């Protein structure tokens, strides 16, 4: 990749500091002098804060001086290019200052960018050295590295060595090389001199006054030139710079919280991001960032409505500065303060297009195609001259000569201009108004993007015959990229997005992909981009329908597990693991705290278990407090909880009393409370929402006496009165809240157009012909109302039937009900499993810490340590799966997590059961003993025996675990191999995984990551091989043990990948404890996968089928007999009484 010999990393902490004397590195270059003056004047003032701490100007000077000395030692000749591969912390400033002080040029290598992109930048810029605070990805192998120790204390001045040799003065010294998108598909590096940056900062701050009391934000990646202004603007004026972590910058609410907490005063931001920050800042219940006195916009056109909202909801004292700038002209060219009058004007005045005045030392000219100034009312191209014009494009002399030209324009003599490609119109008042681009370059979120680079990347993918990318408007008013492509049917949007994510930064990956039979052409025979741009998001003209392989797939959204099923490891989809925002968590905390207090005050879980019922008035009290409408909109008298906060509420209940958790989960995820959150037809909406608002109970009825695994429903709905109503007939079992419900959702078969379809009907339980009984008693969850329904010619108005478009794929329920059930399992099984695991972890610690064996503490035994550690790792894995399945939906991420939600039922319940079973073994007889018995003898009354009975239901409810695995393989996994996929040849080839390394992971976890990636490819190959060996799909479907094991392998790989992603994200945020838990989980999971693969690869010669067939046909000699009646008379009498009890 780079022709240089790699050297082992060397820690900067071993280097002595150079004192910040005036004669060191003299004469100072103009840019570095700006910082030195402030560091000497304000040495004790805070220069920078990040999530790890703060540095004063004096400390920052000493740190950067030490690093500069190290750079001079490794790279003595000035003017060398130094890569900065650093997390977004204060170390970025240390690196930038040190490289500048040493007389070198910094080249950003943001670790968030794809490794392939970083490799190109490193090779193209011929880096001499990389300064890094983490392991380098393989794409950067071969470049010498200098490791920066982010935890080291600042060197002391008294420990300093002698001053180093002077750096020769060089007015043309290059400060940095930042890469922008290229029209030919090749990014180009822009060389910006130190003098340009100094001039930009000096001129801008002279026009827009700042003081040392200002608190700035470093909001942007240092690969984006807006960061140059943020860093040097603060450091040159003695202000404090707050480094905004990546996970905060991506969350509007977290951003607002940071602005409030840090009392930020100067914020630089792109308008599309500002729009979301305004929304978050305007929420009434949250603190507002009233300290912000100036907001500087750049990169895009600003919207007056967003500024008005800020002024109305946050502060009217904030000044707004609009700018126009280009990387090739050093961040800014023009600026102007937006007046309150034009912001508050009822109609647009076009102020967002007014370029404003050039900075002092800059000049703009708007020229026609002959490079002559345009007249009033005419449109031309913007050319920029003056102090900010860059040196050119690194290694591209022809392109430099084309874009940077010397022109003679009145009244000046010859000057060097940069040709921007932007268009502007000159008004009669000699004001220049921005019009747009003259080429295919666009700006989104402040990033300049050459559409041709994306198109080139798309065409590199085999099977893509042609492609065009256009910039349009999203449904919410922002800018978005849409890729139109010509390819075969199997080239899906998910596949294209994955391919681009490996080669391009995130902001260059289109949000939407549309497959066309052919691209439209204009009369010249070129792609008609205007015709493509005129197509709206819903426009399907000439598009080729995207057929999905199963009912769970979404052609508009990629899914990590869906990609895994196809043998593709998409680390890019999960790398930035979601974190619940502080605001959302605070919203849920209130309900968690209230419910905890209520449960402790009202519920004795042992008494509930003994008597088999909850206090008579407890569920009505929950309903009255709104706990059965937790996710209903506030406008409908709900609490509008997010999915994950609902999960937290259910988990809280499960830690105290499992039946209460089951009731909460049922009403909010499957009952009327769940349907009340949906956009239903008016009559059905009024029925459901009225029921919920009145605090009444509801139930859902689907399982029938024939069993839960049947596709068909024996319950029928027959149209009467010309279709105005339906008559329901049938029996439903295992219906939660059946004994208390006043409204029940019923699935039934309707004969329609000559075929059977499943519909959902909503029926009041007091309707004629409805009967319900307290029939079901379980070994656990005693006290949870659960029973049966019978429907005898129950008349239901047509308006109370949920009618949905038919799906092309076979599903067991209606589409809406299936969606609710899929997510609802996270609350019924995931929340209860996590609660059980958390309790077991706490009980294990208490038990181990008070027990000894022959005087030796139990916790000193290695086996005990191993069991406790595994319990903690399994608990972490359960929580990780649940977070991944819910947080992306809460945060509106463009991901399809439905496959993971289907898989989560077994992933969480099996791990939860293992934890409980392991804890039972650890506690021995004390675990098997009831809590009442333990209390009588004075031992800690931990109800492990009850918990084991309760938690066993998670492996039964919603489908027994082996059957769920069977369904997943049949309906999801194998759908990608019948018919054979287009990427079959790739699966059969040796794994070409690219660079799956993640510098945030430790060595062992990095190994686990590589193993997962390799196993995912092998999984796809295995599925393809099985499909080819079974041309008759039914033959493979009949081999249920194989299907169940296939799903088991996929589940283990999914969970391993997720825990690694969460651990890496946590480590990046400063919490490295999760790395050990991820290591423990993956180590054990690899053993389970090895066993599954062994069983898949080893023919099962045991005569299982013959033995089972013989036994099922009738008792045989030598078999234990089970024909004798085992039901006692008491059991029969109790069963008869329950059947007779109806409501």
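The values are calculated or read from the model by the stated rules, or taken from the named source; none is laboratory data. A quick note: this is a predicted structure, and the numbers were derived from the prediction, not measured. Quick reminder, even Gly has a Cβ in these numbers, built from the backbone with ideal geometry, and neighbours come from all protein chains shown.
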**Message:** I need the helices (runs of 4 or more DSSP H) fully contained in segment 221-298, keeping only those with at least 3 residues that are on the phi < 0 side of the Ramachandran plot and surrounded by fewer than 23 Cβ atoms within 10 Å (Cβ to Cβ).
**Reply:** 246-249, 252-262, 271-281
**Request:** Might you check whether a residue that is surrounded by fewer than 17 Cβ atoms within 10 Å (Cβ to Cβ), within 27 Å of the chain's Cα centre (by Cα) and touching a residue at least 24 places away in the same chain (Cβ under 8 Å) occurs anywhere in segment 970-980?
**Result:** no
**Request:** Filter segment 566-615 for residues that are touching a strand residue (DSSP E or B) at 6+ places or on another chain (Cβ under 8 Å) and free of Cβ contacts under 8 Å to residues at least 24 places away in the same chain and give the result.
**Result:** none
**Asked** Only one residue in 673, 638, 665 is closer than 22 Å to residue 612 by Cβ and either under 32 Å from the mean Cα position of the chain (by Cα) or in the same structural domain as residue 952 (by TED's automatic domain parsing) (or both). Which one?
**Response** 665
**Asked** Given 963, 953, which one is surrounded by fewer than 18 Cβ atoms within 10 Å (Cβ to Cβ) and closer than 30 Å to residue 564 by Cβ?
**Response** 963
**Number of the exception - residue 443 against (1) touching a residue at least 60 places away in the same chain (Cβ under 8 Å); (2) over 25 Å from residue 222 (Cα atoms); (3) in a strand (DSSP E or B)** = (2)
**Asked** In segment 337-353, is there at least one residue being in a loop (DSSP other than H, G, I, E, B), surrounded by 15 or more Cβ atoms within 10 Å (Cβ to Cβ) and modelled with pLDDT of 90 or more?
**Response** no
**Prompt:** Mind checking which residues of segment 987-1009 are part of a helix (DSSP H, G or I) and buried (at least 17 other Cβ atoms within 10 Å of the Cβ)?
**Reply:** 987, 1005, 1006, 1008, 1009
**Message:** Here's a check for you: in segment 713-730, which residue that is assigned to a loop (DSSP other than H, G, I, E, B) and under 24 Å from residue 674 (Cα atoms) is modelled with the lowest pLDDT?
**Reply:** 713
**Message:** Quick check on my filter: what residues within segment 665-700 are part of a loop (DSSP other than H, G, I, E, B) and in contact (Cβ under 8 Å) with a residue 60 or more places away in the chain?
**Reply:** 670, 671, 678, 680, 681, 695, 696, 697
**Considering residues of segment 36-57 that are at pLDDT below 95 and part of a helix (DSSP H, G or I) only, the residue surrounded by the fewest Cβ atoms within 10 Å (Cβ to Cβ)** = 41
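Quick one: is residue 823 in a helix (DSSP H, G or I), within 30 Å of the chain's Cα centre (by Cα), surrounded by 15 or more Cβ atoms within 10 Å (Cβ to Cβ) and modelled with pLDDT under 95?
Yes, satisfied.
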**Fill in**
Note: among 78, 9, just one is outside any strand (DSSP E or B), surrounded by fewer than 18 Cβ atoms within 10 Å (Cβ to Cβ), at pLDDT below 90 and not assigned by TED's automatic domain parsing to the domain that holds residue 1070, namely 9
**Request:** Can you give me the number of residues within segment 1060-1087 that are part of a helix (DSSP H, G or I) and exposed (fewer than 14 other Cβ atoms within 10 Å of the Cβ)?
**Result:** 2
